[in-house]
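Inspection log for the structure reproduced underneath, given as structure tokens.
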Amino acid sequence: MTVYYSICPTQPESHLFQVQCRIPDPDSGGQHFWLPDWIPGSYLIRDFARHIIKVHASCGGRRIRCEKTGKSEWSCEPVSGELLLEYEVYAFDLSVRGAYLDSKRGFFNSSSVFLAARGREQEPCEVCIDAPESNYYSQWRVATAMLPSGAPELGFGCYRAADYDELIDHPVELGDFDVAQFEAAGVPHVFVLAGRHQADLKRICGDLKRICETHASLFGGSLPMDRYWFLTLALGDAYGGLEHRASTALMCKRDDLPRLDAPNERGVDAGIDKGYRRFLGLCSHEYFHSWNVKRIKPEAFSPYTLDRENYTRQLWVFEGITSYYDDLGLVRSGLIKPEGYLELLAQSITRVLQTPGRFRQSLAESSFDAWTKFYKQDENSANTIISYYVKGALVALALDLTIRQSTKGVKSLDDVMGEAWARFGVTGQGMPEDGFEALAKEVTGLDLHKFFDLAIRGVEDLSLQTLLQSVGVGFSLRAAESASDQGGLGPRKTAPVKRVSFGMRTRDEQGRCKVAVVLDAGPAKLAGVAPGDELLALNGLKVTHASLESLRARLPCDKPVVLHLFRRDELHQVECTPRAAPAEICDLSLDSTATPNVIRARNQWLGQPLS
């Protein structure tokens, strides 16, 4: 049997979707319904059901009893004929995770709008996406990787999914958007761009094709889907993505996209500026997920249990390794040069070194606690947690270089991922909690237990300098030269700037300087400064967020200063002794003295010509 849904943006101005679910043969004991509490790929309980407005049920035109039995569950009285469920969904979540609707655009993930019929999750689903009634929306179209069931190309109408699991894995974009197409590894790809823009779609498609085929080559050259859609929304300031089995939902800054009327600026990355590089890195990340997490997945996600947290200590495998290959894919595809990749890598190293929480939380713990810590960060998170994305990427780097060095280039992390695909992706078997470590040992023949003890279960820093030297990459650390210094390419050509540190991070609130983070054991914490404090004066001089940097530049190390600040509505005065800024900014460079064998190893790693 088939479960039938319909959805219509009936009131775009009020952000309301009208939804119906029709069950031809409901459970004779009373049909139960439920809605997911989270969406795969974003590990936080989001309680989507809070956006559902009064559910009504009927049979043969007669209203029947429908009661809410839990925060995301409903139960209908037994009926003998077709059951019709009707409700509205408030859609104003401007993200890639939920549903959004206004007079300019609509978007939804089915996990936030379509109630599942309990016991019928394995049955086919048909969805009719109806157009708004007003002529004002006559230019609106539909973009989704869901297969049509009578709907015209990019049109309103009916679509189908094999079951509820597939239904919630095809996001839908509605509106007046632009479309471009390309083919990668023999599979059609569609790039959809919503929002105001002046982007060069032809160039974007050409670059995405190279990324897609680079990732495909790692897994044998073919793709695990027969079509793929990039659903992209360009805004003034946005960044994010969420992977799906045959598509990805993306949000980006419109200025990050290459413009049709802009000349290519030649530089380190052969015409790709940092904004566009960031966008391509996001696309690369989500596309790599087509293999790693959408199909190679932990046992805890096989299958997903969407009414509660699904705990695993392996998120570093699925997000961290993906975060390693996203930028690596840019250099391997030839879109950026090795120097551009090293700049990105140095910035990742810097981010980890600037996070004291790395000494308190292991990557295994970070993965397990994603639900309650990583996705619920507060002002003290920098002191207590580490990102399984960023440190996970550095562990993947360290593992890759360790394998390459220990096997003299015969094996690499590429081989481990290829076998992971064969073992867990192709078969659909969930990866056990110790599965990746065991697989790495089996594929490489190396005893990597100490490596995983240190990198995954421990909290010590990785030996990245030594590993990078093995592939001819110079590594250096220095103090930050400004609050915005993220590290990058070295060696530095100018003398280091001497700068003091208060051990705190600030944010700008309409010109006011507010304390955002106070780092453990730093001068600010020892002086009693707290997150949320507003800095007013330093040694009697007015402080703004813009002036703090110049005021700090004049201060000597280890000499007390007087800070005046507001905590709530109370004035406080504290004495704080700044220290020399720590050497936690990383610069990387291509080692010009590297031997031919080392250069060959580097080129092999980065996918460059070996000769």
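Every number here is computed from the coordinates shown, using simple stated rules; none is lab data. Since the structure is predicted, the reported quantities are computational estimates derived from the model, not experimental observations. Ideal geometry is used to build each Cβ from the backbone, glycine not excepted, and the neighbour counts take in all protein chains shown.
Quick look at the numbers
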quantity: Residues LYS441 and LEU477, FRET efficiency given R0 of 35 Å [Cβ-Cβ distance, rounded to 0.05]; calculated: 0.65
quantity: Virtual spin-label span in nm between THR544 and GLN608, 7 Å along Cα→Cβ; calculated: 4.5
quantity: Packing rank of 336-343, 554-561, 281-288, where each peptide gets the mean count of other beta carbons within 10 Å, highest leading; calculated: 281-288, 336-343, 554-561
quantity: Sparse-neighbourhood loop sites, GluC sites (Glu not before Pro) in the range 118-197 - DSSP loop, at most 14 other Cβ within 10 angstrom; calculated: GLU133, GLU153
quantity: Backbone N under 19 Å from the ALA553 label point (7 Å along Cα→Cβ), restricted to the range 446-488; calculated: 479-487
quantity: Nearest-ten-degree value, helix 321-332 long axis tilted from longest Cα axis of the chain; calculated: 70
quantity: Label point distance in nm, SER28-PHE359, each placed 7 Å from Cα along Cα→Cβ; calculated: 6.8
quantity: Added length on full extension, which subtracts the Cα-Cα distance from 0.36 nm per residue, VAL598 to GLU419; calculated: 61.8 nm
quantity: Residue exposure sequence - VAL172, VAL390 - by fewest surrounding Cβ within 10 Å; calculated: VAL390, VAL172
quantity: Reachable aspartates and glutamates, given that their alpha-carbon falls under 14 Å from the alpha-carbon of LYS559 and they are not under 8 places away in the same chain; calculated: GLU575
quantity: Helix axis angle, 338-353 relative to the chain longest principal axis, alpha carbon, degrees; calculated: 90
quantity: Förster radius 41 Å - calculated FRET efficiency between THR372 and ARG65, Cβ distance, rounded to 0.05; calculated: 0.65
quantity: Range of Cα positions in the range 3-176 per principal axis (Å), largest first; calculated: 45, 35, 30
quantity: Neighbour-count ranking [beta-carbon atoms within 10 angstrom, fewest first] of SER547, SER111, SER589; calculated: SER547, SER589, SER111
quantity: Neighbour net charge for GLY503 - beta-carbon separation under 11 angstrom, K R +1, D E -1; calculated: +2
quantity: Efficiency of FRET from Cβ geometry, HIS56 and TYR311, R₀ 30 Å, rounded to 0.05; calculated: 0.25
quantity: Ranked THR144, THR10, criterion: other C-beta atoms within 10 Å, fewest first; calculated: THR10, THR144
quantity: Listed candidates (i) 44, 31, 25; (ii) 37, 29, 26; (iii) 40, 29, 24 - label of the one calculated as semi-axes √(5λ) of the Cα gyration tensor in Å; calculated: (i)
quantity: The range 446-564 - Kirkwood radius from inverse mean 1/r over Cα pairs (Å); calculated: 17.3
quantity: Residue-span extension gain [ARG118 to TYR136] - 0.36 nm each, minus C-alpha spacing; calculated: 2.7 nm
quantity: 0 to 90° range, to nearest 10: angle between helix 201-218 axis and the chain longest Cα axis; calculated: 80
quantity: Counting DSSP beta bridges with both ends in the chain, the antiparallel % (nearest 5); calculated: 80
quantity: Environment charge of HIS189, counting only residues whose C-beta is closer than 10 Å and scoring Lys/Arg +1, Asp/Glu -1; calculated: +1
quantity: MRE, 222 nm, helices only [DSSP H, n ≥ 4, -39500 (n - 2.57), over the chain, to nearest 500]; calculated: -7000 deg cm²/dmol
quantity: Links that overshoot a 22 Å alpha carbon limit, given the list LYS297/LYS391; LYS209/LYS441; LYS294/LYS411; calculated: LYS209/LYS441; LYS294/LYS411
quantity: Stokes-Einstein diffusion coefficient of the range 132-265, Kirkwood radius over Cα pairs, 4 °C, 1.567 mPa s, in µm²/s; calculated: 81
quantity: Paramagnetic reach from LYS209 in the range 289-331 [backbone N under 20 Å; point 7 Å along Cα→Cβ]; calculated: 329-331
quantity: Net charge over other residues, Cβ less than 9 angstrom from the Cβ of SER367 (K, R count +1; D, E count -1); calculated: -2
